[in-house]
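Only one structure is covered here, and it is reproduced in the block below.
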Number of protein chains: 2
Amino acid sequence: MIGVGLTRAAIRAAAGRQFAEQGYDRTSVRSIAREAGVDPALVAHFFGTKHRLLVDVVELPFDPEQVVPVIFAGDREQIGRRLADFLLATLEDPEARRRITGLVRAAASEPEAARMVRALITREVFARIVDALGVDDGDLRTSLVGSQIVGLVMARYIVGIEPLASLPPETVAAALAPNLQRYLSGPLDASGREGRE
Amino acid sequence: MIGVGLTRAAIRAAAGRQFAEQGYDRTSVRSIAREAGVDPALVAHFFGTKHRLLVDVVELPFDPEQVVPVIFAGDREQIGRRLADFLLATLEDPEARRRITGLVRAAASEPEAARMVRALITREVFARIVDALGVDDGDLRTSLVGSQIVGLVMARYIVGIEPLASLPPETVAAALAPNLQRYLSGPLDASGREGRE
């Protein structure tokens with residue numbers, strides 16, 4: 001078991017370094033395996049695809065493959081609400097909060113970490129949301145949603161802006177939901193010029 | 001001139017250290033003057049009030065005292081649009097962008113800097129907006145607006161999430177404006193549960 005643990009740790013370390021230094025695209029399961037001194041089949045055995053390895057390395061506290069379909073299935077006009085509820089509930093968990101604030105802090109401070117976070121978010125989370133939305137401007141809508149989420153993490157959990165920092169999660173989710181919903185399904189151009197949507 | 005420059009620099013350094021280490025409230029013009037080895041009257045002469053010294057030290061690239069009334073005066077339903085336009089126009093300027101991304105990075109990485117940024121934003125910017133709004137829940141509305149703004153800075157300028165990172169500022173401002181507007185004047189509770197506002 002110790003050998004397996006060390007091998008997994010070596011693969012994770014190699015993946016983390018390569019994702020951060022050369023970016024997601026130029027990293028392969030093969031190059032990670034080479035650096036970790038193992039067979040590529042072992043990387044696949046332990047971690048599955050390169051996508052899943054990235055998620056494992058940056059320690060996202062949820063599995064986007066499981067979560068995105070649940071949030072984005074069903075009534076489209078309630079996606080904002082489901083997303084806000086999921087987000088605030090997840091961030092109530094101390095360990096999940098630690099990982100997410102760690103990711104945001106890393107993204108803000110180190111260009112290499114920023115690249116890794118960008119790769120993770122774009123490929124593993126955003127791409128699934130864009131697919132689920134199935135609209136032409138899904139990438140812009142998703143990145144706008146992302147901007148609000150990272151801003152919430154900064155304001156509520158990192159900088160601690162009041163009263164946002166100490167309000168109950170349900171109150172914050174209710175305040176956030178319609179804004180997430182507009183980014184997902186509302187008109188994005190010129191509507192501000194004409195007044196409220 | 002060199003003497004004046006050095007004196008100003010000494011005052012700035014003392015203020016920066018005290019704001020960061022002991023927080024805004026427990027820092028006084030008198031304690032800053034003492035550390036800088038100058039008369040408090042000289043601090044007032046160079047920088048005006050403690051508020052203005054904080055703004056000077058953290059190098060906000062605009063004067064909230066000038067900007068907030070302009071954005072928040074006039075048609076209330078267009079505040080979101082004016083705020084979005086101002087924000088994106090400001091961030092187009094390389095020096096202003098450098099200062100703002102520096103502030104956000106500092107807030108994300110160092111607890112002391114986070115405290116200083118929080119003090120600055122709360123007192124110098126948010127308090128003016130809350131006053132200008134003149135509503136009971138102005139502090140929550142303002143902190144929600146703040147969460148979207150810091151998230152935009154992170155997503156567009158620091159992490160570089162596409163297509164948000166390379167779209168023209170006008171497009172981003174138009175996409176942002178109605179969301180800022182809802183935080184400022186829309187219903188904040190339960191509206192997400194019922195569908196779009």
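The values are calculated or read from the model by the stated rules, or taken from the named source; none is laboratory data. Keep in mind that this is a model prediction, so the values were computed, not measured. Cβ: placed from backbone, ideal geometry, glycine included. Neighbour counts: every protein chain shown. To get the accessible areas, we keep the full protein, side chains included, count just its heavy atoms, and leave off ligands, DNA and RNA. Shrake-Rupley method; radii C 1.70, N 1.55, O 1.52, S 1.80 Å.
Key figures
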{"quantity": "Rough spin-label spacing in nm, given labels placed 7 Å along Cα→Cβ, for B:Glu59 and A:Asp25", "calculated": "3.3"}
{"quantity": "Estimated Rh, region B:2-56: Kirkwood, alpha-carbon pairs, angstrom", "calculated": "10.7"}
{"quantity": "Simple Cβ-charge dipole of region B:64-185, Lys/Arg +1 and Asp/Glu -1, about Cα centre, in debye nearest 20", "calculated": "200"}
{"quantity": "Pairwise burial B:A, computed as accessible area of each alone minus the pair, summed, 1.4 Å, Å²", "calculated": "4300"}
{"quantity": "Equivalent ellipsoid dimensions for chain A as semi-axes, Å, which come from the Cα gyration tensor, largest first", "calculated": "33, 19, 15"}
{"quantity": "For the B-to-A rotation axis, chain B residue with nearest beta carbon and its distance in angstrom", "calculated": "B:Gly151, 1"}
{"quantity": "Chain B - mean residue ellipticity at 222 nm from DSSP helices (-39,500 (n - 2.57) per run, n ≥ 4, rounded to 500)", "calculated": "-21000 deg cm²/dmol"}
{"quantity": "Equivalent ellipsoid semi-axes, the protein assembly as shown, via Cα gyration tensor eigenvalues times 5, rooted, Å", "calculated": "38, 29, 18"}
{"quantity": "Label spacing, shortest first and in nm, from B:Glu21 to its equivalents in the remaining copies (7 angstrom along Cα→Cβ)", "calculated": "3.8"}
{"quantity": "Alpha-carbon centroids, region B:52-106 and region A:1-40: separation in whole Å", "calculated": "44"}
{"quantity": "Top positive-direction residue, dipole computed over chain B with Cβ charges, set B:Thr90, B:Leu54, B:Thr171", "calculated": "B:Leu54"}
{"quantity": "Inter-copy spacing of B:Pro61 label points, which lie 7 Å from Cα along Cα→Cβ, given in nm from shortest upward", "calculated": "3.4"}
{"quantity": "Whole-percent carbon and sulfur share, accessible surface of region A:64-185, 1.4 Å", "calculated": "55"}
{"quantity": "Per residue accessible area of the protein assembly as shown, 1.4 Å probe, in Å²", "calculated": "44"}
{"quantity": "Label spacing, shortest first and in nm, from B:Pro94 to its equivalents in the remaining copies (7 angstrom along Cα→Cβ)", "calculated": "4.7"}
